[in-house]
Amino acid sequence: MSAIDPHPDQRTLIKRLFDGLAIVLVAPVAALYHVARRVAPGRSDTAIQGFSQFLSLCPGLIGVFLRRAFYRLTLEECSPTCSVGFGTLLVTPRIRIGAGVYIGVGCNISHCTIGPDVLIGSHVSVIAGKHIHRYDRSDVPIRHQGGTVTPIQIGEDVWIGNGAIVMSDVGAHAVIAAGAVVVKPVAPYDVVGGNPARVIATRNDHQIAPAAARSSIPSASR
């Protein structure tokens, strides 16, 4: 085995060393966040956004290690095997990120739980439901009408393509096409695309079945 391609056990050890170093480096930043959260408990989202914006600008692998370390110390849950890309903003500590999750460049992630092995492309927005802002009254500015935050659930082994907007739950093993706008729940194994997103195919036993053939797929396999 060459020096530039270390044994898998060596790679794991090196990664753990860098993860440990990153934890040490960001610990003071995380401590500042927790102090700010205690001083102004109602402003925890604002506090984490500032630190998230700052760390989002760290480039390359260094940035990946630093962001992962910070989020491990501040989010409700963050796996040590996730990757959060350059320019990505996490807007609240009420986020859970599972093992093996990849989040691409320039994403905006709100209240959600992301299951293991999820792939999120670049410039994806995960929005906390469709009713963050009410607009029923025209005599009151929208910003004064309040709204409802609905945490989004993204199941395991989901692939979300570049530029998608997700406003509803996504079932396990589903695929969201690039640029899709998800406004209603996506069933497990479904492939959806468009605005608003609709089912265009279904994953079944490692194959892709056209949407027209969905009725022939046994429900137990979906």
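Summary table
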item: TYR71 buried (at least 16 other Cβ atoms within 10 Å of the Cβ), modelled with pLDDT under 95 and hydroxyl-bearing (Ser, Thr, Tyr); result: no
item: Residue pairs meeting the criteria (Cβ under 6 Å; at least 6 apart or on separate chains; first surrounded by fewer than 18 Cβ atoms within 10 Å (Cβ to Cβ), in the range 103-115; second hydrophobic (A, V, I, L, M, F, W, C)); result: VAL105/PHE86; ASN108/LEU89
item: In the range 41-95, the residues that are under 14 Å from the mean Cα position of the chain (by Cα), aromatic (Phe, Trp, Tyr) and over 18 Å from PRO151 (Cβ atoms); result: PHE86
item: Residue pairs meeting the criteria (Cβ under 6 Å; at least 6 apart or on separate chains; first in the same structural domain as ALA128 (by TED's automatic domain parsing), in the range 178-195; second at pLDDT below 95 and small (Gly, Ala, Ser)); result: VAL191/ALA201
item: Members of the range 160-198 found to be surrounded by fewer than 17 Cβ atoms within 10 Å (Cβ to Cβ) and in a strand (DSSP E or B), listed by number; result: ARG198
item: Condition met for LEU32 (under 20 Å from VAL91 (Cα atoms), at pLDDT below 95 and out of contact with any Gly (no Cβ under 9 Å at 6 or more places or on another chain)); result: yes
item: Selection count where residues are in contact with a Gly (Cβ under 7 Å, 6 or more places away or on another chain) and surrounded by fewer than 17 Cβ atoms within 10 Å (Cβ to Cβ), scope the range 117-142; result: 4
item: Inter-residue pairs, beta-carbon under 6 Å, first without any contact (Cβ under 8 Å) to a residue 60 or more places away in the chain and in the same structural domain as LYS130 (by TED's automatic domain parsing) and in the range 140-155, second surrounded by 13 or more Cβ atoms within 10 Å (Cβ to Cβ) and of a type in the set (A, V, I, L, M), 6+ apart; result: GLY147/ILE132; VAL149/ALA128; THR150/ALA128; ILE152/VAL126; ILE154/ILE114; ILE154/VAL118; ILE154/VAL170; GLY155/ALA172
item: VAL101 among the aliphatic types (A, V, I, L, M), assigned by TED's automatic domain parsing to the domain that holds VAL124 and at pLDDT 95 or above; result: yes
item: Residue match in the range 95-116 (condition: basic (Lys, Arg) and more than 19 Å from VAL158 (Cβ to Cβ)); result: no
item: Hits in the range 92-111 - residues which are part of a loop (DSSP other than H, G, I, E, B), among the aliphatic types (A, V, I, L, M) and within 17 Å of CYS58 (Cα to Cα); result: VAL105
item: Selection from the range 17-31 of residues that are loosely packed, with under 13 Cβ neighbours inside 10 Å and not small (Gly, Ala, Ser); result: LEU17, VAL24, PRO28
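The values are calculated or read from the model by the stated rules, or taken from the named source; none is laboratory data. This structure is a prediction, so every number in the text was calculated from the model and none was measured. Virtual Cβ from ideal backbone geometry, glycine too; neighbours counted across all protein chains shown.
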